[in-house]
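Remarks on the structure that follows.
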Amino acid sequence: MKKVLKWLSDGLGFEKQSKYVNEYFFRANMRASIYMSVVVIVLEIWMIIRMTNTIFENNLQSNFKHYFEKYYINYIILLVSGVLMLLFSQRYIRGKTKNHALGQCIKWVFTFICIYFGVKISINDYAKGEQILTFLTMELFSMCLLTWKPLAAFLISGGSYLYFFLRINDMVAVNTGDQGTTIATQINFFTMWISTMMVCVANYNNTRLQAIKDENLEKINAYLSKISVEDELTGIHNMVYFRSEGAKLLNYVTTDKDNILFLFFDVENFKSYNEKYSFQAGNELLRKIAHMIEDEFEGSLVSRFSDDHFVVLTSVDGAQNKIGQLSGEIKKLQKEVHLELKCGAYKPTDDKADISQACDRARFACNSIKKHYDRTLRFYDKSLEDKFQQKQYIVNNIDTAIENGWIKVFYQPVVDTSDGSICGLEALARWQDPNYGLLPPGAFIEILEEYRQIYKLDLCMVESVCRDYRESVESGKAFVPVSLNFSRLDFELCDIVGNLCEIVEKYNVPKEFIDVEVTESALTDQQDFLPNAIKSLREMGYKVWLDDFGSGYSSLNVLKDYHFDVLKIDMKFLRGFDSNEKTRPILENIVDLTKQLSMVSLTEGVETKEQFDFLANIGCNRAQGYLFSKPLPLEELRQKIAAGKLSISKQYAK
Ligand code: C2E
Ligand code: CA
Ligand code: CA
């Protein structure tokens with residue numbers, strides 16, 4: 001019952017419509033009004049011409065006053081209301097006016113004039129024994145084209161039909177001398193009224209359904225366009241929005257180009273916060289920080305760049321103050337983790353600033369003060385520009401470097417503490433550049449990681465090491481197992497395990513000659529593919545080493561959760577060897593732990609004989625460091641060995 005009632009009330013126009021649907025109806029009315037008013041205008045002009053012709057043809061000019069009062073005045077009223085309606089509706093459709101109240105008013109006046117004259121002229125005509133078509137036409141126009149609500153249509157048409165019906169009885173009687181209309185005529189009128197009503201209801205409902213459909217579409221569109229410019233996690237804008245709005249802003253003539261500043265924010269130690277307080281807490285913090293930045297830079301363009309990075313396009317004036325303010329507020333948020341806001345600022349030097357490049361430069365400035373605990377803000381300047389150019393150079397030339405053999409493998413020996421003989425080599429990358437000379441990994445590894453190109457270098461290293469192995473074996477020279485550094489991103493960016501297997505097979509290298517080093521920090525991110533990859537590498541027969549143990553935040557967790565063959569103790573422990581008395585017992589404990597977990601222990605960064613003796617003493621299995629050798633090209637290392645400065649473990653010697 002409820003459903004039926006709702007259906008009836010919906011269909012008959014009693015329901016409350018949304019703003020959108022009402023607007024849609026109004027628009028539909030206005031569009032229909034254009035046609036309707038044109039028809040009325042043409043019709044009335046035609047009537048005026050016709051009447052004038054009749055007057056002149058029959059020489060009735062002397063009676064003009066009579067004709068004017070009886071006919072012309074009607075034509076003129078209709079004509080004027082048609083013109084008014086036309087003027088308004090076409091202005092509305094073209095977006096020149098939005099005045100609904102005026103539109104409704106004109107619509108009502110126009111409709112009533114039409115119906116009034118429709119009835120009047122028809123009655124006149126009927127009285128002369130002619131058609132009632134004018135009446136019908138006007139009714140249909142008003143009821144249907146203007147898509148009235150059915151209720152309004154019902155009242156207006158019901159009223160006018162009833163009036164017409166009552167009058168027609170007299171008229172017919174006058175005309176024919178009869179008593180009035182026949183039953184058949186009465187039924188005809190009733191049917192006509194019903195049909196008009198039906199057309200009206202149908203028209204109304206079609207329009208309503210179309211409006212609702214359109215409204216839904218519009219809502220979906222609005223939702224889609226909202227999520228396409230909104231950062232899902234923080235709710236502030238994303239980079240799509242930043243790029244498009246930023247470009248517009250830069251192109252506005254009114255923008256003061258000298259006063260533009262790009263800011264890049266990084267929350268230092270955010271990762272530690274995440275590890276310590278869970279991902280959810282980290283997300284919560286990011287949301288908070290995002291809104292703090294947005295509030296501080298109200299009126300400027302603020303977006304989340306990625307992870308814990310944000311970008312702002314603002315004006316130079318007052319920016320420094322705001323950054324200081326923000327940095328203070330963010331410091332207040334910290335619990336046990338020391339959170340610090342870092343900001344890089346870039347002021348474009350020419351008119352045609354490119355958004356991505358500007359963000360890159362601001363980011364570069366920001367990265368340059370990472371780990372500088374006293375600095376919050378760094379402006380991008382000439383000295384950074386030079387470094388930045390080198391960075392661009394690295395990113396743009398990694399493929400060329402690989403193709404042209406600019407990437408070299410330097411080998412650093414790992415020695416057995418029991419006899420000091422070489423039992424392994426670590427492969428470390430060098431970039432021998434024609435312009436910049438020999439570049440250490442510090443000049444390119446991080447950049448390649450940032451630009452997600454690191455896997456290219458790592459695969460190139462695997463290939464070079466395997467090639468070296470094959471050449472050594474074929475020329476009858478000794479070779480020891482080589483450990484390769486794999487970036488965390490390698491596991492994400494390519495099928496590094498599959499690629500490694502392919503290359504190893506291509507050069508027919510026994511698996512025990514290739515070890516994989518993964519740094520501890522790689523394992524603290526919550527990702528599933530890395531543990532699986534480590535597992536499958538070990539199952540295939542490769543040894544997996546944990547690099548830089550003790551440099552990260554959750555070293556012990558990593559040991560608990562994963563299996564490694566070798567534990568490489570970070571060189572930071574040896575840095576405090578002489579000055580810090582805690583170093584020795586810590587090292588001793590770590591070495592003990594590796595024994596309990598059946599791992600081989602290796603300490604890197606061994607520079608003095610004293611350090612080496614200590615390590616040998618506490619039972620650390622292997623050592624690596626400048627004491628034995630710096631990383632060297634294979635040939636130089638061979639010469640050192642040949643000169644007796646180093647020896648190869650018996651197991652591998654020829
Ligand atoms: P790492 O894996 O911890 O490598 C050890 C670094 O310590 C090397 O620096 C090495 O030259 C240096 N080192 C070795 N012994 C001593 C010592 O006694 N004292 C001091 N002060 N330093 C010593 P390098 O070659 O500059 O490499 C730096 C980092 O670059 C490496 O750290 C590694 O994380 C990364 N890296 C190097 N080659 C590759 C590579 O092919 N792929 C990837 N993904 N990363 C690489
Ligand atoms: Ca390493
Ligand atoms: Ca290391």
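Structure values in brief
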{"item": "Residue count for the stretch 538-562, restricted to those that are assigned to a loop (DSSP other than H, G, I, E, B) and either away from ligand 3 (no atom under 13 Å from the Cβ) or of a type in the set (D, E) (or both)", "result": "5"}
{"item": "Per-region count, the stretch 569-583, residues within 23 Å of K595 (Cα to Cα) and either in contact with a His (Cβ under 9 Å, 6 or more places away or on another chain) or of a type outside the set (D, E, K, R) (or both)", "result": "6"}
{"item": "Helices (runs of 4 or more DSSP H) fully within the stretch 425-515 counting 2 or more residues that are closer than 24 Å to M540 by Cβ and either modelled with pLDDT under 95 or of a type outside the set (G, A, S) (or both)", "result": "454-474, 488-493, 496-506"}
{"item": "Cross-chain or 6+ apart pairs with Cβ under 6 Å, the stretch 248-265 first and closer than 23 Å to I293 by Cβ, then of a type in the set (F, W, Y)", "result": "F262/Y346; F265/F310"}
{"item": "Residue within the stretch 612-619 that is of a type in the set (G, A, S), without any contact (Cβ under 8 Å) to a residue 12 or more places away in the chain and more than 16 Å from ligand 1 (Cβ to nearest atom) present", "result": "no"}
{"item": "Conditions (1) within 12 Å of ligand 3 (Cβ to nearest atom); (2) farther than 19 Å from Q412 by Cα; number of the one not met by T594", "result": "(1)"}
{"item": "In the stretch 470-492, the residues that are within 16 Å of ligand 2 (Cβ to nearest atom) and of a type in the set (D, E)", "result": "D490"}
{"item": "Top-ranked residue in the stretch 470-518 [being of a type in the set (S, T, Y) and in contact with a helix residue (DSSP H, G or I) (Cβ under 7 Å, 6 or more places away or on another chain); ranked as nearest to ligand 1 (Cβ to nearest atom)]", "result": "S487"}
{"item": "Test: residue in the stretch 89-106 that is open to solvent by less than 70 Å² (accessible area, probe 1.4 Å) and either at positive phi or not assigned by TED's automatic domain parsing to the domain that holds E23 (or both)", "result": "yes"}
{"item": "Candidates F573, F577 - the one that is within 16 Å of ligand 3 (Cβ to nearest atom), aromatic (F, W, Y), without any contact (Cβ under 8 Å) to a residue 60 or more places away in the chain and farther than 27 Å from D468 by Cβ", "result": "F573"}
{"item": "Any helices (runs of 4 or more DSSP H) falling wholly within the stretch 563-636 and containing at least 2 residues that are over 30 Å from I407 (Cβ atoms)", "result": "583-596, 609-618"}
{"item": "Selection from the stretch 426-457 of residues that are among the hydroxyl-bearing types (S, T, Y) and away from ligand 1 (no atom under 11 Å from the Cβ)", "result": "Y436, Y451"}
{"item": "V566 being among the β-branched types (V, I, T), under 24 Å from F444 (Cβ atoms) and within 13 Å of ligand 2 (Cβ to nearest atom)", "result": "no"}
{"item": "Test result for Y75, closer than 30 Å to N124 by Cα and among the hydroxyl-bearing types (S, T, Y)", "result": "yes"}
{"item": "Scan of the stretch 404-448 for residues that are in contact with a helix residue (DSSP H, G or I) (Cβ under 7 Å, 6 or more places away or on another chain), within 16 Å of ligand 2 (Cβ to nearest atom) and over 25 Å from P481 (Cβ atoms), ordered by number", "result": "F444, L448"}
{"item": "Only listed residue being loosely packed, with under 15 Cβ neighbours inside 10 Å and either out of contact with any strand residue (DSSP E or B) (no Cβ under 7 Å at 6 or more places or on another chain) or at pLDDT below 95 (or both), chosen from L556, L530", "result": "L556"}
{"item": "The stretch 493-526 - residue that is polar (S, T, N, Q) and in contact with a Lys or Arg (Cβ under 8 Å, 6 or more places away or on another chain) and, of those, farthest from ligand 2 (Cβ to nearest atom)", "result": "N508"}
{"item": "Number of the condition not met by R467 [criteria: (1) outside the structural domain of E539 (by TED's automatic domain parsing); (2) more than 10 Å from ligand 1 (Cβ to nearest atom)]", "result": "(1)"}
{"item": "Top-ranked residue in the stretch 255-271 [being open to solvent by 20 Å² or more (accessible area, probe 1.4 Å) and part of a helix (DSSP H, G or I); ranked as nearest to I355 (Cα to Cα)]", "result": "K257"}
{"item": "Scan of the stretch 330-356 for residues that are farther than 22 Å from T254 by Cα and surrounded by 15 or more Cβ atoms within 10 Å (Cβ to Cβ), ordered by number", "result": "I330, L333, V337, L339, E340, L341, K342, C343, G344, A345"}
{"item": "Residue check for Y116: within 52 Å of the chain's Cα centre (by Cα) and among the aromatic types (F, W, Y)", "result": "no"}
{"item": "Answer from I55, I73 - the residue that is surrounded by 14 or more Cβ atoms within 10 Å (Cβ to Cβ), assigned by TED's automatic domain parsing to the domain that holds I34 and assigned to a helix (DSSP H, G or I)", "result": "I55"}
{"item": "Residue within the stretch 58-67 that is open to solvent by less than 90 Å² (accessible area, probe 1.4 Å), modelled with pLDDT under 95, under 23 Å from V119 (Cα atoms) and part of a helix (DSSP H, G or I) present", "result": "yes"}
{"item": "Unmet requirement for L574, which otherwise passes all of (1) within 16 Å of ligand 2 (Cβ to nearest atom); (2) out of contact with any helix residue (DSSP H, G or I) (no Cβ under 7 Å at 6 or more places or on another chain)", "result": "(2)"}
{"item": "Residues satisfying the stated conditions in the stretch 386-432, i.e. among the charged types (D, E, K, R) and open to solvent by 50 Å² or more (accessible area, probe 1.4 Å)", "result": "D386, K387, D399, E403, K408, D419"}
{"item": "Matching residues, the stretch 140-172, being modelled with pLDDT of 70 or more, under 55 Å from the mean Cα position of the chain (by Cα) and in a helix (DSSP H, G or I)", "result": "P150, L151, A152, A153, F154, L155, I156, S157"}
{"item": "Qualifying positions in the stretch 600-624 - in contact with a strand residue (DSSP E or B) (Cβ under 6 Å, 6 or more places away or on another chain) and either within 16 Å of ligand 2 (Cβ to nearest atom) or open to solvent by 50 Å² or more (accessible area, probe 1.4 Å) (or both)", "result": "V600, S601, L602, T603, E604, V606, N621, R622, A623, Q624"}
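Table: residues versus (1) free of Cβ contacts under 8 Å to residues at least 12 places away in the same chain; (2) of a type in the set (S, T, N, Q).
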{"position": "I41", "(1), (2)": "no, no"}
{"position": "Y75", "(1), (2)": "no, no"}
{"position": "T97", "(1), (2)": "yes, yes"}
{"position": "A101", "(1), (2)": "yes, no"}
{"position": "V109", "(1), (2)": "no, no"}
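To keep it simple, each residue is scored yes or no on (1) polar (S, T, N, Q); (2) under 28 Å from the mean Cα position of the chain (by Cα).
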position	(1), (2)
A345	no, yes
C359	no, yes
C366	no, yes
Q392	yes, yes
I398	no, no
Y411	no, no
S421	yes, no
W431	no, no
P440	no, no
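The values are calculated or read from the model by the stated rules, or taken from the named source; none is laboratory data. Quantities reported herein were computed from a predicted structural model and do not represent experimental measurements. Because the Cβ atoms are built from the backbone with ideal geometry, glycine has one as well, and the counts that use them run over all protein chains shown. These accessible areas exclude ligands, DNA and RNA; they are computed on the full protein's heavy atoms, side chains included. Shrake-Rupley method; radii C 1.70, N 1.55, O 1.52, S 1.80 Å.
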